[in-house]
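Asks: Quick one: this structure, given as structure tokens, is what I'll be asking you about.
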Amino acid sequence: MNVRRAPEYTPRRPPHVPRRRWLTAVVVGLLIAIPAGYAVVSAEQSRDSGEDKARAAAARGLVYEWPSKVQRRIYDIPIPDGSTYVGHYEDNSWDRSTMWVQFRTSPEQLSRFLEDLGSQRAELRAGDVTITDEAAGAVGWTLDPRNRDLAGITVRQSPDEPVVAITVDLTKPERPRVYVVSVTEP
């Protein structure tokens, strides 16, 4: 007896639909790899940022780098471009925030700095040290008018803006050194 079996059915792909499993694998891989890579890079940048902030917060004296733009805006300290030997220190408490900044600049930039604060160079009072000994001592400054050619001014703007005490060392008139203490009370 010859029994005829029916042929097994194997579905056939229409000829116009190509196999693209490799393309699907690449797309799925990219959909996983790109967000994962972004997360790793973002986490690393966030970690670095936190370390910088922690280092600055742990400082007990001047940090010799430019304060951030946000700090300069909050404390109203428009450090002129081209300034050198820039150092800053910030201290915050519940009722008062203070920033100390020092930098060396040119006579022209000193004038621009004072104008940006609403003052002018002619208003600097010779021999006047506007930063208290206590405030200067907090960051190791010695502002002695007997040994230096110092001039100062205190800029008081609106009640909502910080009080900015400025003392300028004009001993080297071609590169004045500027000392600033800005106090804001929320």
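Asks: Just name the residue that is surrounded by the fewest Cβ atoms within 10 Å (Cβ to Cβ) out of those in the stretch 77-95 that are touching a Phe, Trp or Tyr at 6+ places or on another chain (Cβ under 8 Å) and outside any strand (DSSP E or B).
Replies: PRO78
Asks: Something else about it: Within the stretch 67-76, is there a residue that is charged (D, E, K, R), surrounded by 15 or more Cβ atoms within 10 Å (Cβ to Cβ) and touching a Leu at 6+ places or on another chain (Cβ under 9 Å)? It would help to see each step written out before you state the result.
Replies: First, the residues of the stretch 67-76 that are charged (D, E, K, R): 69, 72-73, 76.
If we keep only those that are surrounded by 15 or more Cβ atoms within 10 Å (Cβ to Cβ) as well, we get 72, 76.
Checking the rest, the ones that are also touching a Leu at 6+ places or on another chain (Cβ under 9 Å) come to 76.
Yes; the residues of the stretch 67-76 include at least one that is charged (D, E, K, R), surrounded by 15 or more Cβ atoms within 10 Å (Cβ to Cβ) and touching a Leu at 6+ places or on another chain (Cβ under 9 Å).
Asks: If a residue has to be closer than 25 Å to GLN71 by Cβ and touching a helix residue (DSSP H, G or I) at 6+ places or on another chain (Cβ under 8 Å) to count, how many in the stretch 168-184 make the cut?
Replies: The first filter runs over the stretch 168-184 and keeps only residues closer than 25 Å to GLN71 by Cβ, leaving 168-169, 175-184.
With the extra rule that they be touching a helix residue (DSSP H, G or I) at 6+ places or on another chain (Cβ under 8 Å), the set shrinks to 168, 176, 178-179, 181, 184.
Selection size over the stretch 168-184: 6.
Asks: Also: Do we find a residue being assigned to a loop (DSSP other than H, G, I, E, B) and of a type in the set (Phe, Trp, Tyr) anywhere in the stretch 99-118?
Replies: Of the residues in the stretch 99-118, the ones assigned to a loop (DSSP other than H, G, I, E, B) are 105-106, 117-118.
From what's left, of a type in the set (Phe, Trp, Tyr): none.
The answer is no; no qualifying residue exists.
Asks: Something else about it: Of the residues VAL129, VAL181, VAL101, only one is modelled with pLDDT under 95 and either under 19 Å from PRO78 (Cβ atoms) or among the aliphatic types (A, V, I, L, M) (or both); which? Break it down into steps so the answer makes sense when it comes.
Replies: On the way: VAL181 fails: modelled with pLDDT under 95; VAL101 fails: modelled with pLDDT under 95.
None of the other options fit; the residue is VAL129.
Asks: For the stretch 156-168: of the residues being touching a residue at least 60 places away in the same chain (Cβ under 8 Å) and surrounded by 15 or more Cβ atoms within 10 Å (Cβ to Cβ), which is nearest to THR130 (Cα to Cα)? Steps first, answer last, please.
Replies: Restricting attention to the stretch 156-168, the residues satisfying the condition of being touching a residue at least 60 places away in the same chain (Cβ under 8 Å) are 157, 161-162, 164.
Next cut, surrounded by 15 or more Cβ atoms within 10 Å (Cβ to Cβ) only: 161-162, 164.
Working: GLU161: 18, PRO162: 15, VAL164: 9 Å.
Across the stretch 156-168, the extreme among qualifying residues is VAL164.
Asks: Applying the selection to the stretch 66-76, what residues are in a loop (DSSP other than H, G, I, E, B) and farther than 19 Å from SER119 by Cα? If you could, list the steps in order and put the result at the bottom.
Replies: Filtering the stretch 66-76 down to residues in a loop (DSSP other than H, G, I, E, B) leaves 66-68, 75-76.
Passing the criteria: TRP66, PRO67, SER68.
Asks: May I pose another question? Looking only at the stretch 102-118, how many residues end up being free of Cβ contacts under 8 Å to residues at least 40 places away in the same chain and polar (S, T, N, Q)? Show your work before the answer.
Replies: Residues of the stretch 102-118 free of Cβ contacts under 8 Å to residues at least 40 places away in the same chain: 108-109, 111-112, 115-116, 118.
From what's left, polar (S, T, N, Q): 109, 111.
Going through the stretch 102-118 one residue at a time, the tally reaches 2.
Asks: Could you pull out the residue among THR184, THR130, THR98, THR171 that is over 20 Å from the mean Cα position of the chain (by Cα), buried (at least 16 other Cβ atoms within 10 Å of the Cβ) and hydroxyl-bearing (Ser, Thr, Tyr)?
Replies: Numbers: THR184 fails: over 20 Å from the mean Cα position of the chain (by Cα); THR98 fails: over 20 Å from the mean Cα position of the chain (by Cα); THR171 fails: buried (at least 16 other Cβ atoms within 10 Å of the Cβ).
None of the others qualify; the one that does is THR130.
Asks: For the list (1) out of contact with any Ser or Thr (no Cβ under 8 Å at 6 or more places or on another chain); (2) surrounded by fewer than 12 Cβ atoms within 10 Å (Cβ to Cβ), I need the number of the one condition that VAL139 fails.
Replies: Failed condition: (2).
The values are calculated or read from the model by the stated rules, or taken from the named source; none is laboratory data. This one's a predicted model, so the numbers in the text were calculated from it and none came from an experiment. Cβ coordinates were reconstructed from backbone atoms using ideal geometry, including for glycine residues, and neighbour counts include every protein chain displayed.
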